[in-house]
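The values are calculated or read from the model by the stated rules, or taken from the named source; none is laboratory data. Only a predicted model underlies this, so the values are computations on that prediction, with no experimental measurement involved. Counting neighbours? That spans all protein chains shown, and the Cβs are built from the backbone with ideal geometry, glycine included.
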């Protein structure tokens, strides 16, 4: 799509690519090593990608986790599906669970559990695809184990999901990441430092 920032070529932010996916460092990142895996084709969510692309994605995800863990710190993964996206193109965040700015976080406990929604543990990617085909909306979280948070529960129970940006900004106290769209000049300056470190150290 011509108006989608992920569909537009941005080689400067891309760290690595395969035939159908690329790894990109975004704007307003939490810490050095925070990157996204994004499909080249304009899918709404990872649950929508073609079956013949699944293994390529899983291999790339494994590679990215290994590289981030070696250079920075083991990451957790989070995808908002079509719920809560600020860019309406499938993308999954990989964020180191610790850095020089913060000790190891348990995002699952700090962000997910307070919602008191039903949490579905899944074993493989096909379960995510099946859930998406039936429900269309989900939040996906991975930290060794894989989980789906049903969006319907979040809406029905009227609970406010604490997004990862809110978690790091208000619970951890990091500045400049509450919204990549509303960064100050100082926020942008600090963000550029994190991006530069990520590009220099995260070599595929």
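Anything in the range 27-74 that is on the phi > 0 side of the Ramachandran plot and in contact with a strand residue (DSSP E or B) (Cβ under 7 Å, 6 or more places away or on another chain)? List them, or say none. Before the answer, list the steps.
From the range 27-74, those on the phi > 0 side of the Ramachandran plot are 28, 33; that's our starting set.
Of everything in the range 27-74, just one residue is on the phi > 0 side of the Ramachandran plot and in contact with a strand residue (DSSP E or B) (Cβ under 7 Å, 6 or more places away or on another chain), namely 33.
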Open item on the list: Given the options 29, 23, 37, name the one that is modelled with pLDDT of 95 or more, under 16 Å from the mean Cα position of the chain (by Cα) and either over 20 Å from residue 126 (Cβ atoms) or part of a loop (DSSP other than H, G, I, E, B) (or both).
Closed with: 23
Open item on the list: When you check residue 70 against the structure, is it surrounded by fewer than 14 Cβ atoms within 10 Å (Cβ to Cβ), part of a helix (DSSP H, G or I) and modelled with pLDDT of 90 or more, yes or no?
Closed with: yes
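Does residue 47 count as touching a residue at least 12 places away in the same chain (Cβ under 8 Å) and in a loop (DSSP other than H, G, I, E, B)? Can you show your working first?
Working: touching a residue at least 12 places away in the same chain (Cβ under 8 Å): yes; in a loop (DSSP other than H, G, I, E, B): no.
Judged against the criteria, residue 47 is not a match.
Condition check ((1) touching a helix residue (DSSP H, G or I) at 6+ places or on another chain (Cβ under 8 Å); (2) surrounded by fewer than 14 Cβ atoms within 10 Å (Cβ to Cβ); (3) at pLDDT 80 or above) across all residues:
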{"residue": "119", "(1), (2), (3)": "yes, no, yes"}
{"residue": "145", "(1), (2), (3)": "no, yes, yes"}
{"residue": "162", "(1), (2), (3)": "yes, no, no"}
{"residue": "189", "(1), (2), (3)": "no, yes, yes"}
